[in-house]
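Trainee: Quick one: this structure, given as structure tokens, is what I'll be asking you about.
Bear in mind these aren't lab numbers, they're just calculated from the coordinates by the rules spelled out. Values in this document were obtained by computation on a predicted structure and should not be read as measured data. Here Cβ is always computed from backbone atoms with ideal geometry, including for glycine, and neighbour counts include all displayed protein chains.
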Amino acid sequence: MMRAIYKDDKKGVIMNGNMQKLMQVFAEVFDDQHFQLIPETELRQIKNWDSINLISLALGIEKAFKIKLSSVDINTFRTIADIIQLLEAKSISMMAEVSIS
Amino acid sequence: MQFNSEIFIFLFLPFTFFGFHFLKNRVSNTALVWWLIICSGLFYSWFSVKYLIMIYFSAVINYLLCIYIIKKNKLGKSINSLLLISGIFINLLPLIYFKYTNFIVFNLDTIAHFTIHPFNLILPLGISFFTFHNIIYLIDSYYGRAQQYPFANYILYVLFFPQLIAGPIVLYSEFMPQIEKLSSNTINQNNIMMGISLFLMGLIKKIIFSDYLAHWADPLFQAAAQGQGLGFGASWFGIIAFTLQLYFDFSGYTDMALGLAMMLGIILPANFDSPFKANNIIEFWQRWHITLSRFFQSYIFIPLAMKYHKKQYGIYLSVLFTMLMSGLWHGAAWNFILWGGFHGVLLCINHLWRRIYSKAKLNWNDYLLWRIMCVLLTNVSFAVSLIFFRSSSVQAALLLFKNISHFSSIASSHLLGHFHIKLLLAASLLTLIWILPNSQTLCGIKKEAAPLGKQLSSVLTRISSTYVYAILIAMAIGSIILYQGLRLVSLKTFIYFQF
């Protein structure tokens, strides 16, 4: 067993519950139910990315994970991976349990 | 010493460049950093030795304060908060003194009828930029994000000559990793040639386009300053000419800064990304003076919006306040504050429209004609806002606003007077800006998916390592200097030097 953000070319990102929660936050903020959570995506490349969406995203994450984000935390957001990393640092497991056979 | 002066191009640049590459594999990384510090000091001392000492001391004090905060981080939040507030105050004090004293005096005289005479203050060049670099490191040290860097590396972060006078505003986290491996970093011939190309593109933007456009824009704004009414056509022509002048001036300066850094193996963040191709004003500000927008977003907008988000208008007021601060940063005068406010209102309208567009599930953006109209509206909005930016007073700005909205004169046959040809030239320039890939794409800093950008970039990469190209560059620089030397155009200061 290993813990990792596991990507499968055919199935996309294999997600645990928290990762799905994060995807839901993105889907709501960007009003896109098919939003793909790709860690390498730069936030500014997301369609309709703007500063108000950044705040909505931060507030959505705070609400979904019951945590408090500081301005400095938000300033570190460049890619989706940065957000995942920050949540991990706040002891929220974002990694899927993947069986290696 | 300006980037477009003969002394910089023929003396300072070769001295710094060859010195750097000679020392690169012969001395330690620290010695190489000190070489760049010495060269940067020499560069600034051309403006003022007194102010150079001031920058140096402010950087030293800030560094010591940050190290204290980083090391004693666990001592107590209240002590650290006190140090942070005093640090920000110490950093802002010279900026407030040099930039805003006379504005405060002017308002006291006007409102309270004081009779204080304005002070004779000369603004130290680049004061806003080195102040911001100091503040970024200070705030991040307080929040435990910054680590301790060697003293010399920090001094170079503040003093590095390509970014010292007018940015880009670089984050220490972008700069320090590059400085740490300055001597081991491989700089190939291609990087150097691309750096030279970028520098040259900036030089052409400045001397050929910006300085020439200034001859068109200046008389119109000077006439407005003297209260002379201009016609509808002349006023519109004036603001279009100034919009192009400002773009070529500032993006030209940035290209030169990025090119210079590239010649030394350092990649600075982009400050422009084809702003006139933006579809809306939100996108425009994501493409124009990017590093300043990033600074204001990180250190003013986000803290404010996170504090006042409970009411929806709290976030919109944060946008407005951030843009007012941006206006005040650009200049200590009411017309700059109005300029910021104007953009704040435009951004709020744009944000509201985005929400309406999304909720109503509209698909107008799928139509080319709609997109063209959006680009035009964005460009015109920005050009109109520059009336506040360029006018010498609010009265002059209001006069120009009156003139550009005097639609009844459209029917007049002498609408454009003798501006026909010039307007055609300005329109051609704008079309080129819309069609061509930008200088960073051409020089490979930014990878663009658009086929034209890709092709032109690969052509430039292929020919850049040939001798023919080197000769062409030498000839281009030579003729530009000759052009300047013959006083076909006079050496003009970059617009953003005043900020």
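Trainee: Give, as ranges by residue number, the residues of the stretch B:25-51 whose backbone N falls under 16 Å from the point 7 Å along Cα→Cβ of B:Phe57.
Mentor: B:48-51
Trainee: Return the long-range amide H neighbours of A:Thr79 (sequence gap of 5 or more, or a different chain), with a cut-off of under 5 Å between placed amide H atoms.
Mentor: HN-HN under 5 Å from A:Thr79: A:Leu43.
Trainee: Could you tell me how many cubic angstrom of Cα convex hull volume chain B has per residue?
Mentor: It is 185 Å³ per residue.
Trainee: Of all trypsin sites (Lys or Arg not before Pro) in the stretch B:276-361, which ones are in loop regions per DSSP and have a Cβ with at most 14 other Cβ atoms within 10 Å?
Mentor: B:Lys310, B:Lys311, B:Lys361
Trainee: How far is it, in nm, from the label point at A:Gln33 to the one at B:His215 when both lie 7 Å from their Cα along the line to the Cβ?
Mentor: Spacing of the two 7 Å Cα→Cβ label points: 6.3 nm.
Trainee: Using every alpha carbon pair in the stretch B:262-348, what percent of pairs falls into each 5 Å bin from 0 up to the bin containing the largest distance?
Mentor: The percentages, shortest bin first, are 3, 14, 19, 23, 19, 11, 6, 3, 1, 0.
Trainee: Per residue of A:45-55, how many C-beta atoms from partner chains lie within 10 Å of its own C-beta, taken as a mean?
Mentor: Average neighbour count from other chains, rounded to a whole number: 6.
Trainee: Find how much the distance from B:Tyr100 to B:Leu42 grows on full extension, using 0.36 nm per residue of separation minus their present alpha carbon separation; answer in nm with one decimal.
Mentor: 18.1 nm
Trainee: Based on the Cβ-Cβ distance of B:His113 and A:Arg78, what FRET efficiency does E = 1/(1 + (r/R0)^6) give at R0 = 45 Å, to the nearest 0.05?
Mentor: Computed FRET efficiency for B:His113 and A:Arg78 comes out at 0.30.
Trainee: Still on this structure, I have one more. Determine the sum of side-chain charges near B:Trp285: Lys and Arg each +1, Asp and Glu each -1, restricted to other residues whose C-beta is under 14 angstrom from that of B:Trp285.
Mentor: +2
Trainee: Using only the C-alpha atoms of the stretch B:1-145, find the volume of their convex hull and express it per residue in Å³.
Mentor: That works out to 148 Å³ per residue.
Trainee: For the stretch B:295-415, how big is the tail of P(r) above 21 Å, as a whole percent of Cα pairs?
Mentor: Cα-Cα pairs in the stretch B:295-415 separated by more than 21 Å: 54 percent.
Trainee: Scanning chain B for helices, which whole DSSP H stretches are 30 Å or more long along the axis (Cα) and average 0.0 or more by Kyte-Doolittle?
Mentor: B:49-71, B:232-263, B:334-359, B:368-390
Trainee: Could you list the trypsin sites (Lys or Arg not before Pro) in the stretch B:124-227 that lie in coil according to DSSP, counting only those with at most 14 other Cβ atoms within 10 Å of their Cβ?
Mentor: B:Lys181
Trainee: Where Lys and Arg each count +1 and Asp and Glu each count -1, what net charge lies around B:Leu200 among other residues with Cβ under 13 Å from its Cβ?
Mentor: +1
Trainee: While we're here: Which of the three applies to the stretch B:181-308, rounded, prolate or oblate, going by the alpha-carbon gyration tensor with a ≥ b ≥ c and a/c under 1.5 meaning rounded?
Mentor: Oblate.
Trainee: May I ask for the Kirkwood hydrodynamic radius of the stretch B:182-231, worked out over all distinct Cα pairs and given in angstroms to one decimal?
Mentor: 14.2 Å
Trainee: Sticking with this one: Peptide A:24-32: average number of partner chain Cβ atoms within 10 Å per residue?
Mentor: Per-residue shielding by partner chains comes out at 1.
Trainee: Multiplying the sequence separation of B:Leu377 and B:Leu423 by 0.36 nm and subtracting their Cα-Cα distance, what value in nm do you get?
Mentor: Taking 0.36 nm per residue and subtracting the Cα distance, the gain is 14.7 nm.
Trainee: Pop a pseudo-label 7 angstrom from the Cα along the beta-carbon direction at both B:Ile471 and B:Leu352 and give the gap in nm to one decimal.
Mentor: Label-label distance for B:Ile471 and B:Leu352, simple model: 6.3 nm.
Trainee: I've got another one for you. What nm value, rounded to one decimal, do you get for the distance between B:Phe15 and A:Glu42 when each label is placed 7 Å out toward the C-beta?
Mentor: Simple spin-label model gives 3.7 nm for this pair.
Trainee: Going by how many other beta carbons lie within 10 Å of each one, how would you line up A:Asp31, B:Asp255, fewest first?
Mentor: A:Asp31, B:Asp255
Trainee: Summing +1 for each Lys or Arg and -1 for each Asp or Glu, what net charge is found among the other residues whose Cβ lies under 14 Å from the Cβ of A:Asp32?
Mentor: Net charge around A:Asp32: +2.
Trainee: A further question follows. Please work out the FRET efficiency for the pair B:Leu362 and B:Leu317, using the Cβ-Cβ distance as r and a Förster radius of 22 Å; give the result to the nearest 0.05.
Mentor: Working from the Cβ atoms, E equals 0.25.
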